[in-house]
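All remarks here apply to the structure that follows.
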Amino acid sequence: MNLNFEYYKVFYYVSKYGNLTRAASVLMTSQPAVTRTIHNLENELGCRLFIRSKKGMELTPEGRRFYEYISAACEQIFKGENELSGMISLDNGTICISATETALHCCLFQAVEAFNKEYPNVRFKLLNNSTSDSILALKAGKIDMAVVSSVPIRAELPLKVKKIQSYHDILIGGNKFQHLKGKKQTLEELKNYPWISLTSEAMTRNFLNHYFSEQGLTFAPDIELATTDMILPAVRHNLGIGFIPAEFAAEDIRQESLFEIAIEEKLPERNILLVYDTEYPQSIASKTFQKFLCRQ
């Protein structure tokens, strides 16, 4: 079978967008040309890859399986093209990072802003994912690096892990709980208060479950939220108390819209980690940012 890369590239974009017109626009060609290429590819492969529907172009079971391989190959090729363009200088590089919500707030936003002051033409593609999803994306070669929270992660070779900085969680409350301000409480004394936390799927929730268990307590929050950002407004509205990284709450504490509740028990310090794959070549822009990030 003698198919050139353009066939696979057309298949990739039609599959990705599920729309012939949008794929043609990205490929800077005409819709009929895209349609012809898809028909030629189907004839060469001897099977149907798409079904037209009201939603657009839907992959057949064979098409979905084929896309798993083609998407991985195309993303590696496109990543290689981007890296090559960035290897010439730091004037036109692109850096793709997957980061947890905590990592974004605690260090990554500030680091990207500072880095762009020195290298204004370097572009960043930031993806907000969980630690596990960030590691999977790194292993699949979809990103240059992951910046994640210090929780159990599968980071065997060829992945390399470097500590960027430490952070700690604080317990916060709103005006309804002012009577807790100014004196230390034990978790035992606070166990019957309404608690706010992340859902049971979140690794930070697992961290808190384990921490409470070590104190001989069960952590059963009344309100479970999908993201750490949502804990702040819930606390502001006096729906309960909850743990949150100190960086998230700094502005609210300064404005006195909420306050830190001092507790006797000391929460373990956690880390923000940089993870990258030593088997994939890193562009000059990516290598420079990694060094910059570790100096912050």
* Structure fact -> Within region 175-229, of all residues that are without any contact (Cβ under 8 Å) to a residue 40 or more places away in the chain and among the basic types (Lys, Arg), the one farthest from PRO268 (Cα to Cα) is LYS191
* Mind listing whichever residues of region 1-52 are more than 16 Å from GLY63 (Cα to Cα), of a type outside the set (Val, Ile, Thr) and within 30 Å of the chain's Cα centre (by Cα)? => ARG22, ALA23, ALA24, SER25, LEU27
* Before we move on, is LYS183 over 19 Å from PRO245 (Cα atoms) and either basic (Lys, Arg) or within 29 Å of the chain's Cα centre (by Cα) (or both)? -> yes
* In this structure, does ILE241 turn out to be modelled with pLDDT of 95 or more and surrounded by 14 or more Cβ atoms within 10 Å (Cβ to Cβ)? -> yes
* Asked: What tally of residues in region 176-186 results from selecting those that are open to solvent by less than 90 Å² (accessible area, probe 1.4 Å) and outside any strand (DSSP E or B)?
  -> 5
* **Single residue of THR227, THR204 found to be hydroxyl-bearing (Ser, Thr, Tyr), farther than 15 Å from ILE261 by Cβ and touching a strand residue (DSSP E or B) at 6+ places or on another chain (Cβ under 7 Å)** => THR204
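Could you tell me which residue of region 212-237 is least open to solvent (accessible area, probe 1.4 Å), considering only residues that are part of a loop (DSSP other than H, G, I, E, B) and in contact with a Pro (Cβ under 9 Å, 6 or more places away or on another chain)?
Let us first name the residues in region 212-237 that are part of a loop (DSSP other than H, G, I, E, B), namely 215-222, 226-227, 237.
Remaining after also requiring in contact with a Pro (Cβ under 9 Å, 6 or more places away or on another chain): 221-222.
On the way: PRO221: 17, ASP222: 106 Å².
Ranking the qualifying residues of region 212-237, first place goes to PRO221.
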* To do: Please give the strands (runs of 3 or more DSSP E) falling wholly within region 70-149 in which 2 or more residues are open to solvent by 10 Å² or more (accessible area, probe 1.4 Å).
  => 94-99, 123-128
* Residue that is under 22 Å from ALA140 (Cα atoms) and either in contact with a strand residue (DSSP E or B) (Cβ under 7 Å, 6 or more places away or on another chain) or in contact (Cβ under 8 Å) with a residue 12 or more places away in the chain (or both), where the choices are VAL14, VAL34 -> VAL14
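The values are calculated or read from the model by the stated rules, or taken from the named source; none is laboratory data. What you see is a predicted model; the values in this text were computed from it and never measured. Positions of Cβ are generated from backbone atoms using ideal geometry, with glycine treated the same way; all protein chains shown enter the neighbour counts. Accessible surface areas use protein heavy atoms only, side chains included; no ligands, DNA or RNA. Shrake-Rupley method; radii C 1.70, N 1.55, O 1.52, S 1.80 Å.
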